[in-house]
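**Student:** Mind looking over this structure? Questions follow.
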Amino acid sequence: MTRMRIPDREIAKVCNLNPIGSIVGSTVDLSDAGGGNLKGLCPLHDDDSWSLRVVPLLGCWYCFACAEGGDVITFTRKTRNLTYSQAVEFLAAHAGIALTYEEIN
Ligand SMILES: [Zn+2]
């Protein structure tokens, strides 16, 4: 049986087409945290102190309280309980593109 994987260039394309601010912002209400960054209530724990930070310039997010963080794929995985491949596929569909796969030799 042939195993397939999503090539790195496809993953980079998916990340470029899904800005971190808009993906996190579709799940969490975000407000200005200064310096071009955004803040919101972390969806991964019971948060009442705006622990979530989004840094659009770096394409990343992190939470002061539960120490979770990462990129747009990590956020999609953790908030939607998906595998890595499922999260990439979700974000590709969200951006309206079809992924191409390659065989693992
Ligand atoms: Zn958190």
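**Student:** How far, in degrees from 0 to 90, does helix 8-17 lean away from the longest principal axis of the Cα atoms of the chain, to the nearest 10?
**Tutor:** Approximately 40 degrees, to the nearest ten.
**Student:** Divide by every residue of the chain the summed helix terms, -39500 (n - 2.57) for each DSSP H run of at least 4, and state the resulting mean residue ellipticity at 222 nm, rounded to the nearest 500 deg cm²/dmol. Present the calculation step by step, with values, prior to reporting the outcome.
**Tutor:** Details: 4 runs with 37 residues, N = 105.
Helix contribution divided over all residues of the chain: -10000 deg cm²/dmol.
**Student:** Something else: Quick one: helix 84-95 against the long Cα principal axis of the chain, what's the angle to the nearest 10°, folded into 0 to 90?
**Tutor:** For 84-95 against the chain, the angle is about 80 degrees.
**Student:** Now, a different point. With Kirkwood's inverse mean 1/r over C-alpha pairs for Rh, give me the Rg to Rh ratio of the chain, two decimals please. Mind showing how you got there, number by number?
**Tutor:** Working: Rg = 14.8 Å, Rh = 14.4 Å.
Rg/Rh: 1.03.
**Student:** Which is farthest toward the positive dipole end of the chain among Gly59, Ala95, Ile20, measuring Cα position about the Cα centre, with Cβ charges +1 (Lys, Arg) and -1 (Asp, Glu)?
**Tutor:** Ala95
Values quoted throughout were computed directly from the atomic coordinates according to the rules given, and no laboratory measurement underlies them. Quick caveat, the model's predicted, so the values are computed rather than measured. So basically every Cβ, Gly included, is an ideal-geometry build from the backbone, and we count neighbours across all protein chains shown.
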